[in-house]
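Participant: The structure's right below; bear with me while I get my questions together.
The values are calculated or read from the model by the stated rules, or taken from the named source; none is laboratory data. Remember, predicted model here, so these are calculated numbers, not experimental data. Here Cβ is always computed from backbone atoms with ideal geometry, including for glycine, and neighbour counts include all displayed protein chains.
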Amino acid sequence: MAEQNKGKKIQAIRGMNDLLPAESVVWQKIEGLLKQTLTSYGYSEIRTPIVESTGLFQRAVGEVTDIVEKEMYTFHARNDSDKESLTLRPEITAGCVRAGIEHGLLYNQEQRLWYLGPAFRYEKPQKGRYRQFHQLGVEVFGLQGPDIDAELILLTARFWRALGIDQHVSLELNSIGSLQARADYRNALVAFLEQHKDKLDEDCLRRMYTNPLRVLDSKNPQVQALLNDAPKLFDYIDDESKVHFDGLCQLLDFAGIKYRINQRLVRGLDYYNRTVFEWVTSSLGAQGTVCGGGRYDGLVAQLGGQTTPGVGFAIGVERLVLLVQTVNPDFKADNEIDIYMIASGQLSDGTSVVAVAQRLAEQLRDQLSDLRIMTNYGGGNFKKQFSRADKWQAKIAIVIGENEASADKAIIKNLQTGEQIEITQQEIAASCLTILAKIKGE
Ligand code: ATP
Ligand code: MG
């Protein structure tokens, strides 16, 4: 078998993408802006494992959700004697809550956490929908008022401004009330749907008893038309949740955040209560939800911790990157080389000039730690080395031949203007900064 496949190309798994250098710089820039914003609100990073017990997601996300019913990558570890069922995380909130409980971070405390990492769902791959994708999210524990809900929305709004996409996303908002309110509504909704079974598709019929609220999510136009006459969740919402929601709307109005109340917005996961929201765009086709979130005051207790309020959101990073690139084709990340070290020859004691260039590059990195400095390897005459400098779009070349090396000097060349001078190696750092400032037009 192994012999038969020898030499055969192995390819990436469908729906799981490589991120090549041209793209990864863009990701780094976007992630950098997001992390900077999170830090400016005082949030801290949490990293949890990619693999968790299957039971965690069954309990947190809910048995009757798309994710648990059909999207999880579930397996048994090879040598696991008790054959515990393991799952590649389909979302990251459950792991955060598990970790918070396990390490005593939650009860009677306040936590403002963020995470960024891959999640896995067995879905049909298409634009904006993959089997391995990345989520950047926030989870806040220990705060129950609408003020923190509003902060999360302000924070995401700041993300969009930082990325120049604020004109291309809009906020949908709803309250799904308490668990009890939803149970009451559920009964009313099922009673209504039972009278209109003929208009429901197969998916909705199946959902009707298992997770009827998800029928509200249906994309089927006939079902959507039917739902105009269905009982409204808002009419069943408990008073406390209403006060919470009004409080949130007031805070958003005061902050000048525009939103649309969408009474059909229920979100796919079981753990939400009260506030739910999504940031959506019409610029990405069918995969229009860039960010989804809400409150989950019951989740910590459901996973075995002491009751602790929670609220959070998750952004699909692939969709965010796509959106940034779609609406702003000029969004570029700079990965050009600032200084390219060119060296050739050998000193009288046998030391190669490359060693001198390498030492000088190290010194420059000590002095100019923000710059990108690359050294030419693999030899080549000066012409060839200069053409490599061009290939890396270097701004400055530092050229050292045998004469310069033995005199502790170097030639520094502005690759944009072609000007060059010979200077001592001590002067190089200052001289590079002057040239770079000139190139930037400062
Ligand atoms: P959708 O309705 O598009 O399937 P969802 O409700 O399943 O989304 P969430 O579980 O709320 O999504 O995940 C948060 C965010 O993660 C989504 O808003 C989306 O941006 C992103 N996301 C979800 N699934 C995928 C996927 N398979 N590929 C890429 N991004 C995804
Ligand atoms: Mg989904």
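Participant: From Gly379, Gly401, which residue is at pLDDT below 95 and closer than 19 Å to Val354 by Cβ? Break it down into steps so the answer makes sense when it comes.
Facilitator: Working: Gly401 fails: at pLDDT below 95.
The conditions single out Gly379.
Participant: May I pose another question? Quick one: is Ala181 modelled with pLDDT under 95, more than 16 Å from ligand 2 (Cβ to nearest atom) and either under 30 Å from Asp229 (Cβ atoms) or among the small types (Gly, Ala, Ser) (or both)? Write out each step before concluding.
Facilitator: Values: modelled with pLDDT under 95: yes; more than 16 Å from ligand 2 (Cβ to nearest atom): yes; either under 30 Å from Asp229 (Cβ atoms) or among the small types (Gly, Ala, Ser) (or both): yes.
Yes.
Participant: Restricting attention to segment 276-296, and to residues there that are of a type outside the set (A, V, I, L, M) and out of contact with any helix residue (DSSP H, G or I) (no Cβ under 9 Å at 6 or more places or on another chain), which single residue is nearest to Glu63 (Cα to Cα)?
Facilitator: Step one: of segment 276-296, the residues of a type outside the set (A, V, I, L, M) are 277-279, 281-283, 285, 287-289, 291-296.
From the residues that got through so far, the ones that are out of contact with any helix residue (DSSP H, G or I) (no Cβ under 9 Å at 6 or more places or on another chain) too are 278, 285, 292.
Values: Glu278: 23, Gly285: 29, Gly292: 20 Å.
The residue in question is Gly292.
Participant: Right, next: Could you please let me know if Leu322 is surrounded by 14 or more Cβ atoms within 10 Å (Cβ to Cβ), over 30 Å from Leu105 (Cβ atoms) and assigned by TED's automatic domain parsing to the domain that holds Arg129?
Facilitator: Numbers: surrounded by 14 or more Cβ atoms within 10 Å (Cβ to Cβ): yes; over 30 Å from Leu105 (Cβ atoms): yes; assigned by TED's automatic domain parsing to the domain that holds Arg129: yes.
So Leu322 passes the test.
Residues are listed down the side, and each one gets a yes or a no for (1) within 19 Å of the chain's Cα centre (by Cα); (2) outside the structural domain of Gly247 (by TED's automatic domain parsing); (3) more than 24 Å from Asn273 (Cα to Cα):
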| residue | (1), (2), (3) |
| --- | --- |
| Gly104 | no, no, no |
| Leu155 | yes, no, no |
| Leu163 | yes, no, yes |
| Leu173 | no, no, no |
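Participant: Are there any helices (runs of 4 or more DSSP H) wholly within segment 4-117 with 2 or more residues that are within 16 Å of ligand 2 (Cβ to nearest atom), and if so which?
Facilitator: In segment 4-117, the matching helices (runs of 4 or more DSSP H) lie at 54-60, 93-102.
Participant: If I ask for residues that are in contact with a helix residue (DSSP H, G or I) (Cβ under 7 Å, 6 or more places away or on another chain), over 25 Å from Ala301 (Cα atoms) and of a type in the set (Phe, Trp, Tyr), which ones from segment 75-132 would you list?
Facilitator: Answer for segment 75-132, where residues must be in contact with a helix residue (DSSP H, G or I) (Cβ under 7 Å, 6 or more places away or on another chain), over 25 Å from Ala301 (Cα atoms) and of a type in the set (Phe, Trp, Tyr): Tyr122, Tyr130.
Participant: Can you tell me which residue among Arg206, Arg182 is assigned to a helix (DSSP H, G or I), among the basic types (Lys, Arg) and crowded, with 16+ Cβ neighbours inside 10 Å?
Facilitator: On the way: Arg206 fails: crowded, with 16+ Cβ neighbours inside 10 Å.
Checking each option against the conditions leaves just Arg182.
Here's the yes/no breakdown for (1) in the same structural domain as Arg98 (by TED's automatic domain parsing); (2) out of contact with any strand residue (DSSP E or B) (no Cβ under 8 Å at 6 or more places or on another chain); (3) over 26 Å from Asp166 (Cα atoms):
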site	(1), (2), (3)
Asp198	no, yes, yes
Leu213	no, yes, yes
Leu216	no, yes, yes
Gly247	yes, yes, no
Ala255	yes, yes, no
Lys258	yes, no, no
Arg274	yes, no, no
Gln287	yes, no, no
Gly293	yes, no, no
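Participant: Here is a further query. Tell me yes or no: at least one residue of segment 133-141 is free of Cβ contacts under 8 Å to residues at least 40 places away in the same chain, in a strand (DSSP E or B), away from ligand 1 (no atom under 11 Å from the Cβ) and within 28 Å of Trp27 (Cα to Cα).
Facilitator: The answer is no, given that none of the residues of segment 133-141 is free of Cβ contacts under 8 Å to residues at least 40 places away in the same chain, in a strand (DSSP E or B), away from ligand 1 (no atom under 11 Å from the Cβ) and within 28 Å of Trp27 (Cα to Cα).
Participant: Out of (1) out of contact with any helix residue (DSSP H, G or I) (no Cβ under 8 Å at 6 or more places or on another chain); (2) more than 16 Å from ligand 2 (Cβ to nearest atom); (3) of a type in the set (Lys, Arg), what's the single condition that is false for Lys219?
Facilitator: (2)
Participant: So Leu299 fits all but one of (1) under 22 Å from Leu56 (Cβ atoms); (2) surrounded by fewer than 24 Cβ atoms within 10 Å (Cβ to Cβ); (3) more than 16 Å from ligand 2 (Cβ to nearest atom); what number is the exception?
Facilitator: Going through the list (1) under 22 Å from Leu56 (Cβ atoms); (2) surrounded by fewer than 24 Cβ atoms within 10 Å (Cβ to Cβ); (3) more than 16 Å from ligand 2 (Cβ to nearest atom), Leu299 breaks only (2).
Participant: Also: Given the criterion surrounded by 16 or more Cβ atoms within 10 Å (Cβ to Cβ), in contact with a Leu (Cβ under 7 Å, 6 or more places away or on another chain), of a type in the set (Val, Ile, Thr) and under 30 Å from Ile337 (Cα atoms), identify the matching residue among Ile46, Ile30, Ile101.
Facilitator: Details: Ile46 fails: under 30 Å from Ile337 (Cα atoms); Ile101 fails: under 30 Å from Ile337 (Cα atoms).
Just a single option satisfies the conditions, and that option is Ile30.
Participant: I'm checking my understanding of the structure. Among residues of segment 401-442 that are of a type in the set (Lys, Arg) and in contact with a strand residue (DSSP E or B) (Cβ under 7 Å, 6 or more places away or on another chain), which one is surrounded by the most Cβ atoms within 10 Å (Cβ to Cβ)? Break it down into steps so the answer makes sense when it comes.
Facilitator: First pass over segment 401-442, keeping only residues of a type in the set (Lys, Arg): 409, 413, 438, 440.
Subsequent filtering for residues that are in contact with a strand residue (DSSP E or B) (Cβ under 7 Å, 6 or more places away or on another chain) retains 409, 413.
Numbers: Lys409: 18, Lys413: 22.
Residue satisfying both the conditions and the ranking: Lys413.
Participant: Sort out which residues of segment 49-67 are of a type in the set (Val, Ile, Thr) and either away from ligand 1 (no atom under 16 Å from the Cβ) or free of Cβ contacts under 8 Å to residues at least 12 places away in the same chain (or both), and write them in order of number.
Facilitator: Going through segment 49-67, the residues of a type in the set (Val, Ile, Thr) turn out to be 50-51, 54, 61, 64-65, 67.
Val51, Thr54 - these are the residues of segment 49-67 that are of a type in the set (Val, Ile, Thr) and either away from ligand 1 (no atom under 16 Å from the Cβ) or free of Cβ contacts under 8 Å to residues at least 12 places away in the same chain (or both).
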